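These notes concern the structure reproduced below.
What follows draws every value from the coordinates through simple rules; no lab data is involved. Note that the coordinates shown come from a computational prediction; the quantities given were computed from them, not determined experimentally.
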Amino acid sequence: MKTFIYRITLLFAGMALFTACNDKNNNPQPELTNCTGCQFLFTESADLVIPGYNFTSGAYRIFWSEVKKGPVTQKMFLKAPMQGNSFELNTADIEAGKIKVLDLCANCNLIEMMPIGGKVTGVNTTPGVAADKAKWLIEAKIIRLPAFAFSNIRDTVYVKQYFTANFVLN
């Protein structure tokens, strides 16, 4: 009988310890986008000219990334406001054309994907330093659908990375 009580007590103690260590509110930060040979840059007082995806003078802080995924290079462009040390872009901003995502591959037949929703947040992690020395942490989740196909295929683009300046003030 003592063995049975001992085993039951040990079982309940183990369950209590397991549930106490399982903190469901603990939400660790997702990992940064891991990519070798990729670029995460920004420039200020610019705008994006389409077609061509070239920069011109404008009223935005443009963040862009170039992520290599095998033979495909994915480029993302974000038009963020110039003022403030943080920003958030939502589905309305995506619909307004402030977020563009391109998939480039010379030897692939890719379906053109169009952003339809998502969220982008940006925080200047080095406030108070000169703009050309600043680092911005950008976290983006962009949902895309095929632009010209009649299917429900969805693609989600995730980026979480530090963006550095692509210009010099001094």
**Report entry** Overall form of the stretch 28-89 per C-alpha gyration tensor (a/c, 1.5; a/b vs b/c)
**Finding:** oblate
**Report entry** Orientation-averaged projected area, Cα convex hull of the stretch 85-170 (nm²)
**Finding:** 7.3
Query - Residues of type aspartates and glutamates that residue 133 reaches as a straight line, Cα spacing below 17 Å, ignoring anything fewer than 8 places off in the same chain - result: 44
